[in-house]
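The values are calculated or read from the model by the stated rules, or taken from the named source; none is laboratory data. Here the structure is a predicted model, which is why all the values come from computation and not from measurement. Note: ideal-geometry Cβ built from the backbone for every residue, glycine included; neighbour counts use all protein chains shown.
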Amino acid sequence: MSRRPIVTRGFTLLELLVAITVLSIVSMIAWRGLDSLVATRERLEPEADEVRSLLTAFGQMERDLTQVTNPAFLGLSTSPLNVRVVDGGQVIELARVASPVPDRATEVQTVFYRVVEGTLVRQATPPSPVFERANAERFETARLLTNVQSMSVRVWQVPTGWVSPFEADQSVQMAAAPGTQAASAAARLAPGVEVTLLRTGGKTFRRVFLVGA
């Protein structure tokens, strides 16, 4: 009984062309997907950096405001929190409890927030056991956020509500005579601060902080 010869059949030219075409289409789709992913990443990366910088700036403000000293606790003769207008821009001035150091008395640090040449900066004095208005030469300046057009600040004052600009020393003098019960109530620490940053591109970011929380 004779066997039929086994014939090995390969791909035809048409099948090879179809396979090459399919692989080309898949490669093109994959390339377009990768190109779109890279373009999206390049577009979002600057925005992500801006968001991180904004969160860092607001986070530093929150830490400073939650550590604002209690006037009664340290016997301060001036308010630990003020918002003033300097050169047409608002400036936050606060006195915060510095990071504790073993075997040392409680120290107070004066901190300023202001916008300088389009940049939100934090200026802080060295920690001191006595709360005093320090000279500008002693400031340590940190650049927190660029492309800031302006900063608006309001302070919650009981029972008035939101006040801007807010100078606690003046409000105490206007509210009552020194040494009276009303003056003592007016000198209490403001419970909240609202900070609004206007960026160069027109975007506005607002954050409300608790004071001494």
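Results, tabulated for the structure shown:
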item	result
Members of segment 35-55 found to be of a type in the set (A, V, I, L, M) and modelled with pLDDT of 85 or more, listed by number	Leu54, Leu55
Positions within segment 168-204 being surrounded by 15 or more Cβ atoms within 10 Å (Cβ to Cβ), within 21 Å of Arg84 (Cβ to Cβ) and either modelled with pLDDT under 80 or out of contact with any strand residue (DSSP E or B) (no Cβ under 9 Å at 6 or more places or on another chain) (or both), in sequence order	Ala168, Ser171, Val172, Ala175, Ala186, Ala187, Arg188, Leu189
Subset of segment 29-62 (residues that are farther than 23 Å from Val148 by Cα and not acidic (Asp, Glu))	Ile29, Ala30, Trp31, Arg32, Gly33, Leu34, Ser36, Leu37, Val38, Ala39, Thr40, Arg41
